[in-house]
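I have a structure here, written as structure tokens, and I will follow up with some questions on it.
The values are calculated or read from the model by the stated rules, or taken from the named source; none is laboratory data. Because the structure is a prediction, the values reported are computed rather than measured. No Cβ is skipped: glycine too gets one built from the backbone with ideal geometry, and neighbour counts run over all protein chains shown. We work out accessible area using only protein heavy atoms, side chains counted, and drop any ligands, DNA or RNA first. Shrake-Rupley method; radii C 1.70, N 1.55, O 1.52, S 1.80 Å.
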Amino acid sequence: MAFGEPLVNRVVTLTGNVETAGNWEIPIGMPIDEFIALGKPKADTDRFLMGGPMMGFSLPGTDAPLIKTSNCIIAGSPKLFPPPAPEMPCIRCGECAKACPIELQPFELYWHTRAKTFGKTQEYHIFDCIECGCCSFVCPSRIPLVQYFRFAKSEIWAREKEKNAADQAKARFEWKTARDEREKAEKAEKLAKAAAAQAAKKAAEAAAAAAAPVDGSTPPRLLPRPRMRCRADAEAAEKLPLPPPWNEPALNGKPPPQEHGPSDPRPAKGSCRDRCPPPAGRRGTASRISCRGKQTVTDFSTPPYLLQNASVQRVMLQVLAALVPGIAAYVWLFGPVILVQLAIATVTALAGEALMLKLRDKPMSLFLSDGSAVVTAWLIALTFPPLSPWWLVVTGTLFAIIVAKHLYGGLGQNPFNPAMIAFAVCIVSFPALMSQWPGVGLKVSFMDQVGIVFGTFPRLDAVTGATPLDALKTALKLEEGQFSVATLLANQELFGFFAGRGWEWVTGGYLLGGLWLWQRGIISWHAPLSFIAGMSLLAGGLWLYNPAQFANPVFHLFSGGAMLGAFFIVTDPVSGCTTPKGKIIFGFAAGLLAYIIRVFGGYPDGVAFAVLLMNLCVPLIDMYTQPAIFSRKGQP
């Protein structure tokens, strides 16, 4: 428009696996293969993409021309675009929701698409998805989310088309029924008129006969009425084309529905689709034959073709690495027997995982290497007493893997935290064994500790006892106000600077590992900070109300499983909330419940029961805390 010239040239980028990448101004209509030859593709080039790596598409061939919307050609290779890793179950990490530019909840859309509840996908605004591929790019489970969303949209469109066709057929049927009834009424009316005319005619004939002359002459005989048309005329009339339905009278003021309008999707006879039907293709590709007889293969690979270097295995390995500082403090203060318990739990978890994968006919190597079973095993070992018998750890681990995880569908399907299920089951079933914790500086050799675990060395009551948290609560209840919290905390054999002696350093190790996870972006701040805030708020209020009977918030945060629960339990993406507001509510309520149970309940700590109770509320919390999407912000 500025120069008064038509658009005949276009600047197109050629990049990727070529020797000479750059921008060329080429004429519109130039064949793609000639344009690609300008960049000199390398020998290992296996595909060409039209567009970018996030939203482009793979070209089925290069014998097509460049058009005015062509902007980029990318030469791909196995090194540049490696094949995607096997798809893993969704762990509800929420990375896709953080990456979505429209602020949708792609993991919710994925779950409803898998369940084929397409009405729910529309409630989550699936048609606002622009299919940019950001969710697939960041997904650690390597789920092709864009493909799922396209499938859901096509199914919704197909069902809408079927519904419209059914509604149109229903309207045609109702119109036809009304027309038949109208014609039937008209026919009855005509017959009634003919009968009346026949009766009148007979009456006239009777009157004429009565008035006939008496001389005996015969009145003239009435001849039969001739037929309107012969058989040949009727057959010829039947062969005539019927008038179109829009020439019929209107039904209730509405024209009858069209049988075949201009939008009829059926092809005309003799079209290309009739002459060249597509043959049966291989699975994953579609063979097609053009009208000129040339056969090509269509590549159904979908964008994005670049994926972030993230996986479920990497996430789980980083969680295990974050537990190392706490484990190191554990070994330093209480002995290396905790490493034996970690080994027992790990072997048991992998064995239980392999058994269930075999029974469920799942790929064993894929799921055994994801690290989720090892994370569950380590959390179980760290929440159980280090000198507990081996069979107790085995029982809790097998219950967590088999019942709490695989009976609900495996990775990504469990509604409850498996490690907390194991702790709750064992502390209810074996409360005495779950309450025997060693003190700092255990005067038992490592081999004797191993013997206690495996039952070859007698269990000594002198080396085990209650946790500092449980000892404080028991003393306050038994002494009935004779000793204050400050007096009890002055016992340096059981209590340290601000919490239990030795346990404050283990808890500090968990805090350090949790902060590292937050810095790495594995967890967000919502759940841990709200958990700490909920526990601190209630503990601080009661401490200010009666400091003689209630310990200060710092003591509660660095005692028991508070820090382990804040950074490694409530942050579990599978059993926890996924929305930002939901994480805050989940963590805050879990902190309140954990404090109430540990102070007023009958168990030494309440983190496990608090988390399990809040796991029940996760679907309700997520449903009412859905964030507003980009296009509907400010709308009711």
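State to the nearest 20 debye the size of the charge dipole of the range 1-158 about its Cα centre, where the only charges are +1 on K and R beta carbons and -1 on D and E beta carbons.
400
Counting Lys +1, Arg +1, Asp -1, Glu -1, what net charge surrounds ALA321 among other residues with beta carbon under 13 Å of its beta carbon?
+2
Near the amide H of ARG10, under 5 Å away, which other amide H atoms are found, from residues 5 or more places off or on another chain, if H is placed in the peptide plane?
Amide H to amide H, under 5 Å and 5 or more residues apart or across chains, ARG10 pairs with ILE26, ILE28.
Continuing with this model, one more query. Please list the non-local residues whose amide H lies under 5 Å from the amide H of GLY76, H modeled 1.01 Å from N, same-chain partners needing a gap of 5 or more.
Those qualifying (amide H under 5 Å, at least 5 residues apart or on another chain) are ASN17, ASP46, ARG47, PHE48, LEU49.
Can you give me the solvent accessible area of TRP503 with a 1.4 Å probe, rounded to the nearest 10 Å²?
40
Next question, about the same structure. Which trypsin sites (Lys or Arg not before Pro) from the range 67-99 combine a DSSP loop assignment with at most 15 other Cβ atoms within 10 Å?
LYS68, LYS79
Also, quick follow-up: What list of ³J(HN,Hα) couplings, whole Hz, do you get for the range 370-386 from phi and the Karplus terms 6.51, -1.76, 1.60, once you set θ to phi - 60° and write x for glycine and proline?
6, x, 5, 5, 5, 4, 4, 5, 5, 5, 5, 5, 6, 9, 8, x, x
Considering the dipole of the range 70-133 built from charges on the beta carbon (Lys and Arg +1, Asp and Glu -1) around the Cα centre, which of LEU109, ALA75, ALA97 is farthest to its positive end?
After comparing all options, I get ALA75.
Could you name the lysines in cross-link range of LYS170, using Cα to Cα under 16 Å and dropping any fewer than eight places away on the same chain?
Partners within reach: LYS161, LYS254.
Quick one: accessible surface of GLU19, probe radius 1.4 Å, all protein chains present, in square angstrom to the nearest 10.
130
Over 20 Å between C-alpha atoms is what I'm after, so list which of LYS473/LYS583; LYS116/LYS163; LYS42/LYS79 land there.
Checking Cα-Cα distances, LYS473/LYS583 exceed 20 Å.
Please sort by residue number the chymotrypsin sites (Phe, Trp or Tyr not before Pro) in the range 309-347 whose DSSP state is loop and whose Cβ has at most 14 other Cβ atoms within 10 Å.
Answer in residue order: no site qualifies.
Further question: 7 Å from Cα along Cα→Cβ at both SER429 and ALA169: what's the point-to-point distance in nm?
According to this spin-label approximation, the distance is 5.7 nm.
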